[in-house]
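Below is one structure, written out as structure tokens; the observations come after it.
A short reminder: the numbers here are calculations on the coordinates, not readings from a lab. Keep in mind that this is a model prediction, so the values were computed, not measured. In this analysis, Cβ positions are derived from the backbone assuming ideal geometry, glycine residues included, and neighbour counts consider all displayed protein chains.
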Amino acid sequence: MTKMLRRLEIWGEPEARGRRHGQTLGADIRLLRRAVLTYLARISLYAGALPLYGLLQWLSRGFWPHIPPHLQQEMVALAAGAEVSLGSILLLNVMDDLANNSPRCSALAVGDSRTAQGAYVMGRNLDYPVFTEPLTELQTLFLIEPHQGQRLASLAWPGYVGVCTGINAAGVALAQLSSMSRDRSLKGTPAALRFRQALEDGDTVAAVAARILEMPGTIGNNLMLCGPSEALVLEISARRGAVRHPENGLLTATNHYQSPAMQGLKGRFPPRPPYSVLAAYQFTEAYSQARNHRLQELVSDRRLGPMDLQKILADPAIANAGTAVCTVFHPADRLLWVARGKTPPVNQGPFVAIKLWD
């Protein structure tokens, strides 16, 4: 039997949103904190987990002044509701900005002559090198109605306030993919919080992209944005950005910059972290290039629909042992499909269809 995808609706003022989130999912937030501490204990040898955890929390504080005030308020209330420290909630939300160590994600968007009605559809795999079991088990669909701005849906985890996979009520879908960049900073808006703010503010793909570029960044990302009739990839670093548009109705992204304007900012791929479920080759630009080529190869010249994107993303050359999230969006209909495999790659399990904002 397919396990139901957990949903949590949060609405109202920032304090009310955070309090409901924390009180409802507090036990699972504490479980994720324990998973981080357990991992740190394994890699720290004799030093112990707590000093490393404390160091990471201290580094996380540098992001706090750059987080939008209403998201700060939501995080403070979330921590209180979950009965954990604000430092723990902040760390959960900026882990990618500190580590930038997830170079295996894949995404594609197709539209125009490549789909039956010409409307764009988008799919993405989100791959993590560690923590794959709790990330798969605790996946949650947050339905967020802020006190002002666009309603949005975010596929994430307990304690996570940002958006790395989501869509707003205007029909703008978003998928965050890391990209190795030399232009990084600890003095910017953390990536997923930056993207949530843009989804709240923008009602078109162009408006969301422009809002992201207005805010100071932290790390490299290839951000795929898709609406009913358009798609783009925003290749960004801490202080730069470039836009890629579809070619003949096809747009693909993995974890390296493809825009000529960003080539000079390409960074080195990280080494395989200790105890990762993935092989060393999967932490190379060669693997990123190979997945991008395979996406384009599988699309070929045929017309595609959401089910076709599900199969493409499940291809063994694209999905891997770190694939904790696989989602396909149909922005025009406010529809998404979420893979419910019990273990990574989750693409091997059935997909559940979810209609948003009936």
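For the chain, the calculated P(r) over all alpha carbon pairs, in 10 Å bins from 0 to the bin holding the longest distance, is 6, 27, 38, 24, 5, 0, 0 percent. In a simple Cβ point-charge model (Lys, Arg +1; Asp, Glu -1; nothing else charged), the chain has a dipole of about 720 debye relative to its Cα centre. What share of the DSSP beta bridges in the chain is antiparallel, in percent to the nearest 5? Around 90 percent antiparallel, to the nearest 5. Calculated over segment 248-358, the projected area of the Cα convex hull averaged across directions stands at 9.0 nm².
Of all lysines in the structure, the ones whose alpha carbon falls short of 18 Å from that of Lys3, not counting any fewer than 8 places away in one chain, are Lys342, Lys355. Kirkwood radius and radius of gyration were both taken over the C-alpha atoms of segment 10-97, and their ratio Rg/Rh is 1.01.
Each of Asp333, Asp301, Asp127, Asp308 was scored by other Cβ atoms within 10 Å of its Cβ. Listed from fewest to most, they are Asp301, Asp333, Asp308, Asp127. Each Lys or Arg adds one and each Asp or Glu subtracts one; over the other residues with Cβ under 14 Å from the Cβ of Tyr281, this totals +1.
Packing, as the average of other Cβ atoms within 10 Å across residues, places the peptides 212-221, 172-181, 344-353 in the order 172-181, 212-221, 344-353, highest first.
If R₀ is 22 angstrom, what is the calculated FRET efficiency for the pair Trp64 and Gln23, using the beta carbon separation as r and rounding to 0.05? Rounded to the nearest 0.05, the efficiency is 0.45.
When the Cα positions of Ala119, Ser229, Thr252 are compared along the charge dipole of segment 100-355, Thr252 comes out farthest toward the positive end, with charges on each C-beta of Lys, Arg, Asp and Glu.
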